[in-house]
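Coordinate-derived values only; no laboratory data. All of these numbers come straight from a predicted model, not from anything done at the bench. No Cβ is skipped: glycine too gets one built from the backbone with ideal geometry, and neighbour counts run over all protein chains shown.
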Amino acid sequence: MVTAETVVVLPFVVLVACVLVWVVSLGVAQMRVADASREAARLLARGQSTAEARAAFREAVPGARMRVSREGDRAGVTVRYRARLPLVPRVHLDLSSRSVAVVE
């Protein structure tokens, strides 16, 4: 009896494990994107060049895109990243983050 019940429940356990892996990997990717945008905005606000901010951003999130905007005394950075789901290489999700810092 236990074997039959295990066979019925096992696919659901595997499905839940896969979903957890996907959620955790997307959460980590979103944190990396947010950290990269915040760091790039901070560098621009401190007077660093856009090239230096891009270098720091590319190191944090390889393959992502960055857009810089300056509005008065504020430097803004928008980072966009197309994340792949593990175990399903054809599925992509677009992640983004925007950070603004006051120029010193």
Dimensions in Å of the chain - Rg and Dmax from alpha carbons: 19.7, 72
Any idea what Rg and Dmax come out to for the stretch 62-104 if you just take the C-alpha atoms, in Å? 14.2, 45
What angle do you read, to the nearest 10 degrees and between 0 and 90, between the alpha-carbon axis of helix 2-45 and the longest principal axis of the chain? 0 degrees
How high is the relative contact order of the chain, in percent, with contacts defined as C-alpha pairs under 8 Å that are six or more residues apart? 29 percent
Dipole size in debye (nearest 20) for the chain around its Cα centre, Lys and Arg Cβ +1, Asp and Glu Cβ -1? 400 debye
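Using helices alone, what [θ] at 222 nm do you get for the chain, with -39,500 (n - 2.57) per DSSP H run of 4 or more residues, divided over all residues and rounded to the nearest 500?
Helices in the chain give a 222 nm mean residue ellipticity of -19000 deg cm²/dmol.
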